[in-house]
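Everything below concerns the one structure shown next.
The values are calculated or read from the model by the stated rules, or taken from the named source; none is laboratory data. Everything numeric here is computed off the predicted structure, so don't read it as measured data. A quick note on method: Cβ atoms are made from the backbone with ideal geometry, for glycine too, and the neighbour counts reach across all protein chains shown. Ligands, DNA and RNA are excluded from the accessible area calculation, which covers all protein heavy atoms including side chains. Shrake-Rupley method; radii C 1.70, N 1.55, O 1.52, S 1.80 Å.
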Amino acid sequence: MAQKPSIPKGTRDFSPEEVSRRNYIINTLRHNFELFGFQPIETPSFENSSTLMGKYGDEGDRLIFKILNSGDYLSKVSEENYAAKDSNALTSEISEKALRYDLTVPFARYVVQHQNEIEFPFKRYQIQPVWRADRPQKGRFREFFQCDADAVGSQSLLQEVTFVQLYDAVFTDLGLKGTTVKMNNRKILSGLAETIGASDKLIDFTVALDKLDKIGEEGVITEMLSKGITAEAIERVKPIFKVSGSFAEKLSVLKELLADSETGKQGIEELQYINEKIEALGLKTVTLDLDVTLARGLNYYTGAIFEVAAPKGVQMGSIGGGGRYDDLTSIFGSNQPLSGVGISFGLDRIYLVLEELNLFPEQAIKGTRLLFLNFGENEALYCLKAVQSLREAGITAELYPDSAKMKKQMSHADKRNINFVVLAGTQEMADGVYTLKNMKTGEQQSLNLQALIKAIS
RNA sequence: GUGGUUGUAGCUCAGUUGGUUAGAGCGCUUGAUUGUGGUUCAAGAGGUCGUCGGUUCGAGACCGAUCUUCCACCCCA
């Protein structure tokens, strides 16, 4: 088979077992989302390019999959751009649509577009695939699922508290112990940049800071220097490299550092509020931690920033993230800025973590319980009657479609992990019974239909 | 987008400094066993060595391009 068919890089096929296990995670998520009062919506897999472009930064724009216009798109291209081979300028002329890059921006678009029909505060969840033209790596795909829960129309910090509880509820249900929800606040990062006189370099500052656990203090300093942040400024923020201890202890270090920054102090107050409420409420399996170096997704977060780290010992990037965004809707021309806050679960990565830790429950894979062996036309009909009754009783049952050799039918049941087979030939038909065989123990018993249903339920 | 890495049977992998007809294990098919799967034994099927091009008398092996895998960077779920 020289030319084996293939799928694009970074995409995957899912086997029946994989789909079952993915559904197990999705069902757990959906159950908790609804328990917390979130309502489902769905949006198209592709949007107008103008909806997506410019919302994720330059890097994000590069990673958005663009959809080629239909028809003779080259004929409409401007001569200058074509002659200059200016790909960037040409892109907007030959592509007007793009694949969804995340679920947050389409949600913001949805809220603005339907603002008159929506009852606020609006809490929605959304479980759909997103696409990124990234280069694949461990836990990084070009097509993957995001599972988002967002709440818009309320500035209350109780929303943030709720999202921490939601993370706790989900990971507890999945049996995933030892996850850490790391929190930070955009206002603290702004405050830090402000205190050291580098407000104009906020993004460079935070991106470098974010790499602390990866490249170490020296690496961060080198990167900051290369971005034009002065050595004097870096000296002033050095305490945050070594901040440690409890959530409250870290906050007090920050309080000193940010004493002169109104924005910074506000960020501290917000985090303090959330932490106090969580401490009063308690968490089941998740640990809430303050991580000043957390700085992902800054292009639209304005307040709280969340990121979920997998349990220690599992090599995996973050398995969830989120934050508060105050002005995302204004980008789409909302007359009144709607504050939103939300979190995302990385389904594909959670899957990899659960698999690595062997945490999928056996009943996550539900298959056929009962296979009727086929001995011929008359026997098949006799069996189908029983199959029908079993299905009505809610038992997954099926008949082998061909009257193949018993060995073949038995090993079929074996390979599909079906625990019971029924043998019904002329003798059983004459007696009005079915021979039930347990494939694990080899035990067999002769039962009438009622007894059969009873034995299997 | 940058750097590295991988590709041989359905799967996991051997294949020496380039040399006849490319191998193993597992899986698959058939039989031993016409109403009993897993175990055992026997036989069999299955490959244009990712693709295209080049070097050579000769390429699975060497070179180039391309696709793919995995990893690091950028960035990110």
(request) Please name all residue pairs, on different chains or six or more residues apart, with Cβ atoms under 9 Å, provided the first residue is in the stretch A:240-264 and is assigned by TED's automatic domain parsing to the domain that holds residue A:287 and the second residue is among the hydroxyl-bearing types (Ser, Thr, Tyr) and loosely packed, with under 13 Cβ neighbours inside 10 Å. (result) A:250/A:244; A:253/A:244
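Say whether the condition of being farther than 20 Å from residue A:145 by Cα and among the aliphatic types (A, V, I, L, M) is met by at least one residue in the stretch A:12-25. Steps first, answer last, please.
Our first condition is that a residue be farther than 20 Å from residue A:145 by Cα; within the stretch A:12-25, this holds for none.
No, there is no match, as no residue in the stretch A:12-25 is farther than 20 Å from residue A:145 by Cα and among the aliphatic types (A, V, I, L, M).
Mind checking which residues of the stretch A:274-289 are open to solvent by 60 Å² or more (accessible area, probe 1.4 Å), in contact (Cβ under 8 Å) with a residue 60 or more places away in the chain and either in contact with a Gly (Cβ under 6 Å, 6 or more places away or on another chain) or not in a strand (DSSP E or B) (or both)?
A:277, A:281, A:284
From A:192, A:251, A:271, A:212, which residue is within 16 Å of RNA strand B (Cβ to nearest atom) and either open to solvent by less than 70 Å² (accessible area, probe 1.4 Å) or more than 27 Å from residue A:166 (Cβ to Cβ) (or both)?
On the way: A:192 fails: within 16 Å of RNA strand B (Cβ to nearest atom); A:251 fails: within 16 Å of RNA strand B (Cβ to nearest atom); A:271 fails: within 16 Å of RNA strand B (Cβ to nearest atom).
Of A:192, A:251, A:271, A:212, the one residue that is within 16 Å of RNA strand B (Cβ to nearest atom) and either open to solvent by less than 70 Å² (accessible area, probe 1.4 Å) or more than 27 Å from residue A:166 (Cβ to Cβ) (or both) is A:212.
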(message) Checking the conditions here, which among A:111, A:207, A:164 is in a helix (DSSP H, G or I), out of contact with any Pro (no Cβ under 8 Å at 6 or more places or on another chain) and open to solvent by 20 Å² or more (accessible area, probe 1.4 Å)?
(response) A:207
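Take residue A:104 and tell me if it is within 16 Å of RNA strand B (Cβ to nearest atom), among the hydroxyl-bearing types (Ser, Thr, Tyr) and within 20 Å of the chain's Cα centre (by Cα). If you could, list the steps in order and put the result at the bottom.
Values: within 16 Å of RNA strand B (Cβ to nearest atom): yes; among the hydroxyl-bearing types (Ser, Thr, Tyr): yes; within 20 Å of the chain's Cα centre (by Cα): yes.
The answer is yes for residue A:104.
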(request) Identify all residues within the stretch A:62-90 that are open to solvent by 30 Å² or more (accessible area, probe 1.4 Å), at pLDDT 85 or above, within 16 Å of RNA strand B (Cβ to nearest atom) and not in a loop (DSSP other than H, G, I, E, B); write none if there are none. (result) A:62, A:66
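Can residue A:361 be described as open to solvent by 10 Å² or more (accessible area, probe 1.4 Å), away from RNA strand B (no atom under 15 Å from the Cβ), within 30 Å of residue A:102 (Cα to Cα) and without any contact (Cβ under 8 Å) to a residue 24 or more places away in the chain? Before you say what the answer is, go through the steps one by one.
On the way: open to solvent by 10 Å² or more (accessible area, probe 1.4 Å): yes; away from RNA strand B (no atom under 15 Å from the Cβ): yes; within 30 Å of residue A:102 (Cα to Cα): yes; without any contact (Cβ under 8 Å) to a residue 24 or more places away in the chain: no.
Judged against the criteria, residue A:361 is not a match.
Got at least one residue in the stretch A:305-319 being out of contact with any strand residue (DSSP E or B) (no Cβ under 9 Å at 6 or more places or on another chain), in the same structural domain as residue A:202 (by TED's automatic domain parsing) and free of Cβ contacts under 8 Å to residues at least 60 places away in the same chain? Give the steps one after another, and end with the answer.
First, the residues of the stretch A:305-319 that are out of contact with any strand residue (DSSP E or B) (no Cβ under 9 Å at 6 or more places or on another chain): A:313-315.
Still in the running and in the same structural domain as residue A:202 (by TED's automatic domain parsing): A:313-315.
Next, only the ones that are free of Cβ contacts under 8 Å to residues at least 60 places away in the same chain stay: A:313-314.
Yes - at least one qualifying residue is present in the stretch A:305-319.
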(request) Please specify each residue of the stretch A:338-358 satisfying the condition of being over 30 Å from residue A:420 (Cβ atoms) and away from RNA strand B (no atom under 13 Å from the Cβ). (result) A:338, A:339, A:340, A:341, A:357
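Looking at residue A:424, is it closer than 21 Å to residue A:376 by Cβ and either more than 15 Å from RNA strand B (Cβ to nearest atom) or out of contact with any Lys or Arg (no Cβ under 9 Å at 6 or more places or on another chain) (or both)? Quick ask: steps written out before the conclusion?
Details: closer than 21 Å to residue A:376 by Cβ: yes; either more than 15 Å from RNA strand B (Cβ to nearest atom) or out of contact with any Lys or Arg (no Cβ under 9 Å at 6 or more places or on another chain) (or both): yes.
So residue A:424 fits the description; yes.
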(message) Six or more apart or on different chains, Cβ atoms under 6 Å: show the pairs whose first residue is in the stretch A:118-137 and part of a loop (DSSP other than H, G, I, E, B) and whose second is more than 16 Å from RNA strand B (Cβ to nearest atom).
(response) A:120/A:153; A:121/A:151; A:121/A:153; A:121/A:154
(request) List every residue pair whose Cβ atoms sit under 7 Å apart, with the two residues 6 or more apart in sequence or on different chains, where the first one lies in the stretch A:58-81 and is outside the structural domain of residue A:46 (by TED's automatic domain parsing) and without any contact (Cβ under 8 Å) to a residue 12 or more places away in the chain and the second, anywhere, is open to solvent by 30 Å² or more (accessible area, probe 1.4 Å) and in a loop (DSSP other than H, G, I, E, B). (result) none
(request) Tell me which residues, restricted to the stretch A:6-57, are open to solvent by less than 60 Å² (accessible area, probe 1.4 Å) and hydroxyl-bearing (Ser, Thr, Tyr). (result) A:11, A:15, A:20, A:24, A:28, A:43, A:45, A:49, A:51, A:56
(request) Would you mind telling me which numbered condition in (1) surrounded by fewer than 13 Cβ atoms within 10 Å (Cβ to Cβ); (2) touching a residue at least 24 places away in the same chain (Cβ under 8 Å); (3) within 15 Å of residue A:389 (Cα to Cα) residue A:402 fails? (result) (3)
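Of the residues that sit in the stretch A:364-382 and are among the hydrophobic types (A, V, I, L, M, F, W, C) and either more than 12 Å from RNA strand B (Cβ to nearest atom) or outside the structural domain of residue A:404 (by TED's automatic domain parsing) (or both), which one is surrounded by the most Cβ atoms within 10 Å (Cβ to Cβ)?
Filtering the stretch A:364-382 down to residues among the hydrophobic types (A, V, I, L, M, F, W, C) leaves A:364-365, A:370-373, A:375, A:380-381.
Retained after the next criterion (residues that are either more than 12 Å from RNA strand B (Cβ to nearest atom) or outside the structural domain of residue A:404 (by TED's automatic domain parsing) (or both)): A:364-365, A:370, A:380-381.
Numbers: A:364: 17, A:365: 16, A:370: 22, A:380: 19, A:381: 11.
Among those residues, the one meeting the criterion is A:370.
If I filter the stretch A:238-256 for residues that are within 23 Å of residue A:315 (Cβ to Cβ) and part of a helix (DSSP H, G or I), do I get at least one hit? Don't jump to the end; show me each part of the working.
We begin by selecting, within the stretch A:238-256, every residue within 23 Å of residue A:315 (Cβ to Cβ); these are none.
So far as the stretch A:238-256 goes, no, none of its residues is within 23 Å of residue A:315 (Cβ to Cβ) and part of a helix (DSSP H, G or I).
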(message) Checking the structure you have, find out if any residue of the stretch A:38-50 is away from RNA strand B (no atom under 16 Å from the Cβ), of a type in the set (A, V, I, L, M, F, W, C) and in contact with a Ser or Thr (Cβ under 8 Å, 6 or more places away or on another chain).
(response) no
